[in-house]
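Data first, discussion second: the structure below is written as structure tokens.
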Ligand SMILES: [Zn+2]
Ligand SMILES: [Zn+2]
């Protein structure tokens, strides 16, 4: 048996005011990622819209509200859901999601991922070279890359044109509110998490 007091686990501080405590190691959980979050208003779970091809993710809301925008694996259907205290959601492998705190009090949630490690993270952006429908975030010494799993091109995303911060993928406004035009696939945008600048693509087109 391994027992943990969450308040005594050292938080991983990324400077965004989000309190994230990884419980897998203290609990000796080798097959399950367990992260406890306290997220202030207007902040979110890390990373923008993404999926894991090789991992299911479960979020359990312990306090406050969590709002998730979701995008089907084929990128042909979008939705937005809000969970309150006592609710949980599971995202299957391949389903895109991005969670944030739109309420005016802190969000406290547990994020569970199984298996623990994911090597197949997917960002819903078309490859500028071959058009493949998702890219894989990687990094080299010069910074972030978005690598195409199909043609192998390492695409270099530009930072925010206004402040240089790494952009995140999100859904267009109408899509996040569940668009009523079934003939059109949801649009993705890239948005700067710091200053809110939006662009159609991180590749400067
Ligand atoms: Zn490609
Ligand atoms: Zn910016």
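Bear in mind these aren't lab numbers, they're just calculated from the coordinates by the rules spelled out. Note that the coordinates shown come from a computational prediction; the quantities given were computed from them, not determined experimentally. Neighbour counts run over all protein chains shown; Cβ positions are idealised from the backbone, glycine included.
So what is the relative contact order for region 6-114, in percent, with contacts set as C-alpha pairs under 8 Å and at least six apart?
Numbers: 265 pairs, mean separation 36.8, N = 109.
Rounded, it is 34 percent for region 6-114.
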Anisotropy class of region 123-199 from Cα gyration tensor, a/c 1.5 cut: oblate
Inter-label distance for residue 162 and residue 150, nm, one decimal - labels placed 7 Å from Cα along Cα-to-Cβ: 3.3
Among 31, 94, 53, the residue with the largest mean-square fluctuation in a Gaussian network model of the chain built from Cα contacts under 10 Å is 31
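Need the full-extension length gain, residue 56 to residue 126, defined as separation in residues times 0.36 nm minus the C-alpha distance. One decimal, nm. Present the calculation step by step, with values, prior to reporting the outcome.
Working: separation 70, 0.36 × 70 = 25.20 nm, distance 2.29 nm.
Value of the extension gain: 22.9 nm.
Using a Förster distance of 30 angstrom, determine the FRET efficiency expected from the C-beta separation of residue 32 and residue 85, and round it to 0.05. Could you put the intermediate results ahead of the total?
Numbers: r = 23 Å, r/R0 = 0.75.
The calculated FRET efficiency here is 0.85.
So how many Å³ per residue does the convex hull of the Cα atoms of the chain work out to? The partial results should precede the final answer.
Working: hull volume 27.7 nm³, N = 205.
Taking the convex hull of the Cα positions in the chain, it is 135 Å³ per residue.
Can you give the helix-only mean residue ellipticity at 222 nm for the chain, where every DSSP H stretch with n ≥ 4 adds -39500 (n - 2.57) and the sum goes over all residues, rounded to the nearest 500 deg cm²/dmol?
Details: 2 runs with 8 residues, N = 205.
Taken over the chain, the calculation gives -500 deg cm²/dmol.
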If a/c stays under 1.5 just call it rounded; otherwise compare a/b with b/c (prolate if a/b is bigger, oblate if not). Do that for region 6-114, with a ≥ b ≥ c from the square roots of the Cα gyration tensor eigenvalues. oblate
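Can you give the extra length, in nm with one decimal, that the chain gains between residue 105 and residue 198 once fully stretched, where that is 0.36 nm per residue apart less the Cα-Cα distance? Provide the component values of the computation, followed by the final result.
Details: separation 93, 0.36 × 93 = 33.48 nm, distance 2.63 nm.
Stretched out fully, the residue 105 to residue 198 stretch lengthens by 30.8 nm.
Express the relative contact order of the chain as a whole percentage, based on alpha carbon pairs under 8 Å and six or more residues apart in sequence.
Working: 485 pairs, mean separation 38.4, N = 205.
Computed value for the chain: 19 percent relative contact order.
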